[in-house]
Every structure is written in structure tokens, then in C-alpha cells.
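K.L.:
The structure is given below, and queries will be raised subsequently.
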Amino acid sequence: MVERSLERNYGPPIAIDLCDPCQAFWFDDQEVLQLSPGATLELFHHIQQAASGARHPLGRRLACPRCRGPLREAQDMQRNTRFSYFKCPHGHGRYLTYFQFLRAKSFVRTLTAKEIEELRRHVRQVNCTNCGAPIDVGRDVACGFCRTPVSMLDPDQLVKAVAQLQQAEQGRQNIDPAWPLLVEAERRRAERTFADTPEGRALGDLGRDATPDLVSLGLRALASLWK
């Protein structure tokens, strides 16, 4: 893991550990709850930049980097969003995959039944955004390994979450004024993905050549807009 210093709501900076190949963060103790709004946006941008990189599947046994004891899965609620993570039973900290962090911060959502049916018309298999395992969408609506439901980057929720973080940051984080236009372009791309149109059927072509990860696809689309 690589250490990264981030701004805390109050007090000295937080030093967190992150691993792009595993796509995960390690937060000591309660540090994930102490991130400033600007630090949360900074981590979102990091996840977006790392979306196109190679990743390692999530291991079946995860160990605490402090005591090497086995991590245990836990559930938590932030605002109205329930999310899972892995914690050290001795209280050393929390291990969150990039997906778990995005869900905790309300950047992604689970696909609706209608969207699942539309997805099945174009692809047979997607990768789990959380652990990287393959999901047969013709049979399952969640990962058989980590039980994460098929999810996607939600443009509407993204706008709302960023606006809330921007307001909370009180001007300390300089947000690109073109952000709403970028997200609107991503919304249209998402609609084309699930529409029964020639453009939408392009996802079927992707499914024959590669196994897509819907959240990563959304992040890469935003990355292409930021270039």
C-alpha cells in the first residue's frame, strides 16, 4: 500500500493507505469518518484516475496490515445508504474497496430491475465492481463471491453528492464550473448504454470482447470528458 496525506475535518492531516491494484483503502480507527469534504472529493478523483488500471481480485482472506489478524465483514449506514466494509476485530481500522467507499459516499447505486433486464439484452457477464469476480447477469443480480449487487455510477446522485460536498467544503475545494455539463454528458452516455438503440447495442460488442465493470465504465467516461 502507498501512504497518502489528506485533510481532516479538524486537527492534523490524516495519513491513509491505498492500493490501486487491489482498489482499496485502509483507514486507521475512525479516519474514514474524519475526512474533510475536500479530501472525499480528492479520493473520488483518485478512484476515477485509477479506474482504467489493472486490478487484483479481492482475496478470500483479508488481513489487518497492523496486527495481521483476519478482517471481518461489517455493515454500516451513512445518511440513507447502507454499505459494507471489512474491519479489524482488534479495532486497528477499516478496509474499504473503492466501490465500498463510493457507495458509502453516495456516488453509486444498485441497478433497478428494469435496468437489469435491459443489461441482459446486451451482455451475459460483467465484473463485480467490488471484488472483480465475474457475474452472470443472465442468472444473478449480485456477485456470488462478495454478494455485492450489480451497480453503476449514478449521474444524478453524483451531482447531488458533489454539490453537498462542495457546500460543506465552504469554498476550500475549487470545483470545475463545467462539472454539471460533464455529468450531463455522462448521463446521456448511461442512457444510451441501456437504450435499445444501435448506440446502446455497443455494450453488447464490449461484452463479446471484454468483461465490463459498470462503475469503472462510468468513471472512464468521465475521465475522457476531463481530458
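K.L.:
R0 = 30 Å: FRET efficiency of GLU3 with GLN75, Cβ-based, nearest 0.05?
P.N.:
E between GLU3 and GLN75, to the nearest 0.05, is 0.60.
K.L.:
Sticking with this one: What distance in nm lies between label points placed 7 Å from Cα along the C-beta direction at ASP29 and ARG124?
P.N.:
My value for the distance between the label points is 5.2 nm.
K.L.:
When the chain is fully extended, how far beyond the present Cα-Cα distance does GLN167 get from ARG68, taking 0.36 nm per residue of separation?
P.N.:
That pair, GLN167 and ARG68, stretches by 31.7 nm at full extension.
K.L.:
Also: For HIS56 and ASP156 in one chain, what is 0.36 nm times their gap in residues minus the Cα-Cα distance, to one decimal in nm?
P.N.:
Between HIS56 and ASP156, full extension yields an extra 33.0 nm.
K.L.:
Can you pull the percent of Cα pairs in the stretch 18-155 with separation above 26 Å?
P.N.:
Beyond 26 Å sits 23 percent of the P(r) for the stretch 18-155.
K.L.:
Going through the stretch 6-76, which chymotrypsin sites (Phe, Trp or Tyr not before Pro) have at most 11 other Cβ atoms within 10 Å and a DSSP loop state?
P.N.:
Of the chymotrypsin sites (Phe, Trp or Tyr not before Pro), the ones in loops of the stretch 6-76 whose Cβ has at most 11 other Cβ atoms within 10 Å are TYR10.
K.L.:
Taking H as built 1.01 Å from N, whose amide H comes closer than 5 Å to the amide H of GLY93, not counting residues under 5 places away?
P.N.:
ASP29, CYS88
K.L.:
Could you give me the ³J(HN,Hα) list for the stretch 94-104, computed from phi with Karplus coefficients 6.51, -1.76, 1.60 and θ = phi - 60°, whole Hz, x at Gly and Pro?
P.N.:
Working through the residues one at a time gives 10, 10, 10, 5, 4, 4, 4, 5, 4, 5, 4 Hz.
K.L.:
While we're on this one: Excluding GLU31 itself, what net charge comes from residues whose Cβ is under 15 Å from its Cβ, given Lys and Arg +1 and Asp and Glu -1?
P.N.:
Once all neighbours under 15 Å are counted, the net charge is -1.
K.L.:
Can you check how the C-alpha radius of gyration of the stretch 94-141 compares to 2.2 N^0.38 Å, as a plain ratio?
P.N.:
Normalised Rg, Cα atoms only: 1.27.
Coordinate-derived values only; no laboratory data. These figures come from a predicted structure and were not determined experimentally. Cβ sites come from the backbone with ideal geometry, for glycine too, and all protein chains shown count toward neighbours.
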